[in-house]
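Some notes on the structure that comes next.
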Amino acid sequence: MNEYETIYIAEPDLPAGRVEKISEKVLKILKEGKAEIIDQRDWGVRKLAYRIGKFTSGRYIFFNYTGNGHFVAELERTLKYEEGVVRYLTLVAASEKEIARRKKRINQPEEGRLELGERGWSADAGPASENSLNGRGGGYDGPKN
């Protein structure tokens, strides 16, 4: 099971109801493929990096989900022939191994985690003490005259 991200760009002047219907089609394909939806966002209308057809801006819709990849081809086919979709892209955000590593890191006990303290990353991220530099100070003392 991999984690995927799909972004499609709709025409900027497409009515909100039409954009929702396209998103519902995408969600239907994902649910039929037994994908677990992590996140879905409408990023709104943004300027495109370059002109696509007659459009210089587009409405970005983002989906983040996990599942087996057997439904991705159907999803992209649907977006390809959907009127109002200017571009789309699906990519693998994380493989099974990366997902397992992430879950393991989340479930790691607090005492074994590294934390960012005043002096950088350490297992004990408390404030630096005066003795931490063996009495040599540590700050800038000004110019030497």
_Residues with amide H under 5 Å from that of R87, placed H, sequence gap 5 or more_ = I9
*Count the net charge of all other residues whose Cβ sits under 14 Å from the Cβ of S57, scoring Lys and Arg as +1 and Asp and Glu as -1.*
+4
*Which peptide among 89-101, 29-41 comes first, and what is the full order, when sorted by highest mean count of other Cβ atoms within 10 Å?*
29-41, 89-101
*Note down the nm distance, to one decimal, between modelled labels 7 Å out along Cα→Cβ at R105 and at R87.*
2.9 nm
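Using the C-alpha gyration tensor of region 25-105, what are the square roots of 5 times its eigenvalues, in whole angstrom, with the largest one first? Present the calculation step by step, with values, prior to reporting the outcome.
Details: eigenvalues 142, 53, 24 Å².
In descending order, the three semi-axes are 27, 16, 11 Å.
No value in this document is a laboratory result; all are computed from the given coordinates. Everything numeric in this text was worked out from a predicted model, so none of it was measured. In this analysis, Cβ positions are derived from the backbone assuming ideal geometry, glycine residues included, and neighbour counts consider all displayed protein chains.
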